[in-house]
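Scroll down for the structure; my scribbles are underneath it.
The values are calculated or read from the model by the stated rules, or taken from the named source; none is laboratory data. None of these values were measured; they are calculated from a predicted model. For neighbour counting, all protein chains shown are included, and Cβ atoms are generated from backbone atoms with ideal geometry for every residue, glycine included. These area figures cover heavy atoms from the full protein model, side chains too; ligands, DNA and RNA do not enter into them. Shrake-Rupley method; radii C 1.70, N 1.55, O 1.52, S 1.80 Å.
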Amino acid sequence: MSAELTFVAPRRAKPSRHLADLTMAERRAAVAELGEKPFRAEQLSRHYFERLTDDPAAMTDLPAASRERLAGGLLPTLLTSVREITCDGGTTRKTLWKLFDGALVESVLMRYPDRVTMCVSSQAGCGMNCPFCATGQAGLTRNMSTAEIVEQVVAGARALSRGEVPGGPGRVGNIVFMGMGEPLANYKAVIGAVRRIVDPAPEGLGISARGVTVSTVGLVPAIEKLSNEGLPVTLAVSLHAPDDELRDTLVPVNTRWKVDEVLDAAWSYAARTKRRVSIEYALIKDINDQSWRADMLGRLLKGKLAHVNLIPLNPTPGSKWTASRPEDERTFVRRLESHGVPVTVRDTRGREIDGACGQLAATTPEA
């Protein structure tokens with residue numbers, strides 16, 4: 001089966017420059033360009049990243065005459081909420097965002113008793129064309145900017161700090177780049193977003209790098225580049241098959257970089273960062289859930305700094321594939337454990353609102 005891969009996003013108009021696109025030095029220069037004293041950059045950054053302020057009138061440490069100018073020049077509106085759907089008593093929230101050019105993306109906030117995880121998008125659509133994923137089937141519209149990615153996290157942080165999510169005020173502690181898009185195909189913007197997420201206030205949000213997971217279908221050169229960034233984030237590899245024959249079909253990028261090459265890059269990343277690699281594996285009934293494939297996967301991962309995250313396939317409209325039988329899932333887990341490979345079965349949070357893994361399609365209510 002041949003599948004179209006899109007590594008380079010279509011060229012589109014760019015969103016307005018935003019504070020979150022810039023380093024602190026660049027923010028100072030931008031503030032000076034606006035005719036303000038450079039130290040205002042720190043004040044503005046503190047409002048955005050630490051106080052989560054979205055109303056310039058509340059920025060009372062800035063002169064009234066400067067507020068609108070600074071906010072207008074460095075805090076443009078990048079995301080507009082089109083729709084929000086909740087489940088799990090309101091603790092799982094999926095937001096459909098419209099970008100400045102009409103492109104649509106989704107983010108999901110999941111509140112657990114002990115933590116809050118946000119799943120963010122890095123592209124509008126995806127060019128990797130995996131046939132069991134709703135986003136992959138939609139194709140790639142465009143890359144998102146650093147600030148468009150960061151804004152999803154800030155919007156979630158605001159909702160939590162204001163007590164809008166059941167459970168009282170809270171904080172985002174985990175970010176997973178597992179929303180729409182292939183993060184490493186939008187490398188520069190994603191790395192910028194990771195730095196804004198992990199840099200301490202007022203440079204960024206001050207979330208621990210250990211709480212950040214960057215997912216990839218296996219863009220080997222980009223994995224190698226990531227290992228040199230000095231960012232100890234968790235790397236998640238969407239493997240879905242241990243053999244090239246099947247993976248060529250399920251994850252078309254495998255026709256470019258084979259299983260062994262992808263795993264070699266992952267082990268190099270683990271050695272460099274000392275971070276355990278997460279191997280993502282969507283279990284698909286009668287396709288990749290055979291016990292011999294579990295054994296094959298176990299042999300590939302045995303003794304490595306890795307953990308398998310099994311994902312019961314989430315249904316997508318019109319798909320011929322479905323989740324594995326419970327007994328086959330249990331056998332798969334047992335076979336991996338027999339090789340000494342740590343494995344967990346992912347909670348399918350958000351499935352009923354099409355907010356779970358592989359379901360993000362960014363459709364509007366009338367679609």
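Summed over the residues of segment 8-52 and divided among them, the accessible surface reaches 55 Å² per residue at a probe radius of 1.4 Å. With 23 Å as the cut-off, how large is the P(r) tail for segment 180-337, expressed as percent of Cα-Cα pairs? Value for segment 180-337: 41 percent of Cα pairs lie more than 23 Å apart. Under the simplified labelling scheme, the VAL8-SER319 pair shows an inter-label distance of 3.1 nm, with each label point 7 Å from Cα along Cα→Cβ.
Normalising the average separation of contacting C-alpha pairs (under 8 angstrom, six or more residues apart) by the number of residues puts the relative contact order of the chain at 15 percent. Solvent-free Debye calculation, one equal scatterer per alpha-carbon of segment 61-151: log10 I(q)/I(0) at 0.10 Å⁻¹ equals -0.37. On the principal axes of its alpha carbon atoms, segment 244-284 extends 32, 22, 11 Å, with the longest extent given first. Computed over protein heavy atoms with a 1.4 Å probe, the accessible surface of segment 127-265 works out to 31 Å² per residue. FRET efficiency for the ALA271 to ASP114 pair, using the beta carbon distance and R₀ = 25 Å, is estimated at 0.25. For LYS37, the aspartates and glutamates whose Cα falls under 19 Å of its own Cα, not counting residues fewer than eight places away in the same chain, are GLU26, ASP61, GLU68, GLU203.
Residues whose amide H comes within less than 5 Å of that of VAL82, counting only those at least five positions distant or on another chain, are LEU96, TRP97, LYS98 (H built at 1.01 Å from N in the peptide plane). At q = 0.12, 0.13 Å⁻¹, what is the base-10 log of I(q)/I(0) for segment 245-319 according to the Debye formula with one equal point scatterer per Cα and no solvent? Please give it to two decimals. Taking Cα atoms of segment 245-319 as identical point scatterers yields -0.38, -0.45.
Ligands, DNA and RNA left out, the 1.4 Å accessible surface of the chain is 49% carbon and sulfur atoms.
Measuring r between the beta carbons of LYS98 and GLU327 and using R0 = 45 Å, the FRET efficiency lands at 0.55. Nearest 5 is fine: what % of DSSP beta bridges in the chain come out antiparallel, could you say? In the chain, approximately 50 percent of DSSP beta bridges are antiparallel ones. Put simply, when 268-279, 209-220 are sorted by average Cβ atoms within 10 angstrom per residue, most first, you get 209-220, 268-279. With 0.36 nm allotted per residue and the present C-alpha distance subtracted, the ASP243-SER338 stretch has 32.3 nm of extension available.
Farthest toward the positive end of the dipole of the chain, out of VAL308, SER81, LEU22, is the Cα of LEU22, where the dipole comes from beta carbon charges about the Cα centre. Multiplying the residue separation of GLU261 and VAL82 by 0.36 nm and subtracting their alpha-carbon distance yields 60.4 nm. Annotation: amide H-H contacts under 5 Å for LEU283 (H modelled 1.01 Å from N, sequence separation of 5 or more, or interchain): ILE311, LEU313. Relative contact order of segment 82-202: 25 percent, from C-alpha pairs under 8 Å at least 6 residues apart in sequence. The charge dipole of the chain, taken about its Cα centre with unit charges on the Cβ of Lys, Arg, Asp and Glu (plus for the first two, minus for the last two), comes to roughly 620 debye. Each label was represented as a point 7 Å from its Cα along the Cα-to-Cβ direction; for SER16 and GLU203 these points are 2.7 nm apart. Shape analysis of segment 36-103 based on the Cα gyration tensor places the equivalent ellipsoid semi-axes at 30, 15, 9 Å, largest first.
Take the cross-link list LYS188/LYS320; LYS94/LYS258; LYS94/LYS274; LYS225/LYS274; LYS98/LYS188; LYS94/LYS304 and give me the ones stretching past 24 Å between alpha-carbons. Listed pairs above 24 Å: LYS188/LYS320; LYS94/LYS258; LYS94/LYS274; LYS94/LYS304.
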